[in-house]
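Structure first, commentary second.
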Amino acid sequence: MKLHADKADRYAITACGEGWVAINGQRHEHSLQLNTADGVQAWGCDRFEDLSPAHFESLLDSQPELVLFGSGRRLRFVRPALLQSLYAQRIGVETMDTAAACRTFNILAGEGRRVTVALLIGD
């Protein structure tokens, strides 16, 4: 099996805990989106109950092939109507709790995939 070193210049979620995540060692305590092209951006939604189609439409800007949605401390699925903008562009969406989304982002980013993760922090 041939092994390749991860890219040193990429973004990685280096830690996560109750109410925070660290990206490349920098701690964030608010909901955010992270993508392999543009890095960290505010996501503008702090509560699961406040999610709208516009929150998911904003993820299209980075042109991901896959979106990971971290729903907070526990796994919660959004209504499919909220994800229509992603489905219409044939972008895959996976929902998981925030800690699992962090781990999965690191794996996919390490493989060089165009992935965006949207994380609800502290919800």
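Using a simple spin-label model with pseudo-atoms 7 Å out from Cα toward Cβ, residue 74 and residue 30 lie 2.7 nm apart.
Across the chain, the relative contact order, built from alpha-carbon pairs under 8 Å that are at least six residues apart, equals 34 percent. Once the chain from residue 54 to residue 42 is taken as fully extended at 0.36 nm per residue, the excess over their C-alpha distance is 3.0 nm. One way to sum up the overall shape of region 84-123 is the equivalent ellipsoid from its Cα gyration tensor, whose semi-axes run 18, 16, 7 Å, largest first.
What fraction of the DSSP beta bridges in the chain is antiparallel, stated in percent and rounded to the nearest 5?
About 60 percent, rounded to the nearest 5.
Sorting 114-123, 77-86, 31-40 by their mean Cβ neighbour count within 10 Å, with the most densely packed peptide first, gives 114-123, 31-40, 77-86. The chain: D in µm²/s via Stokes-Einstein (Kirkwood Rh, Cα pairs, 25 °C, 0.890 mPa s)? Taking Rh from Cα pairs, D becomes 171 µm²/s. Modelled label positions at residue 89 and residue 114, each set 7 Å beyond Cα in the direction of Cβ, lie 0.9 nm from each other. Less than 5 angstrom separates the built amide H of residue 123 from those of 73, all sequence-distant by 5 or more or on a different chain. Peptides 64-76, 89-101 ranked from most to least packed by the mean count of surrounding Cβ atoms within 10 Å: 64-76, 89-101.
Only the coordinates and a few stated rules stand behind these numbers; no lab work does. The structure displayed is predicted, hence computed values, not measured ones. With ideal geometry, Cβ positions are generated from the backbone for all residues, glycine too; neighbour counts draw on all protein chains shown.
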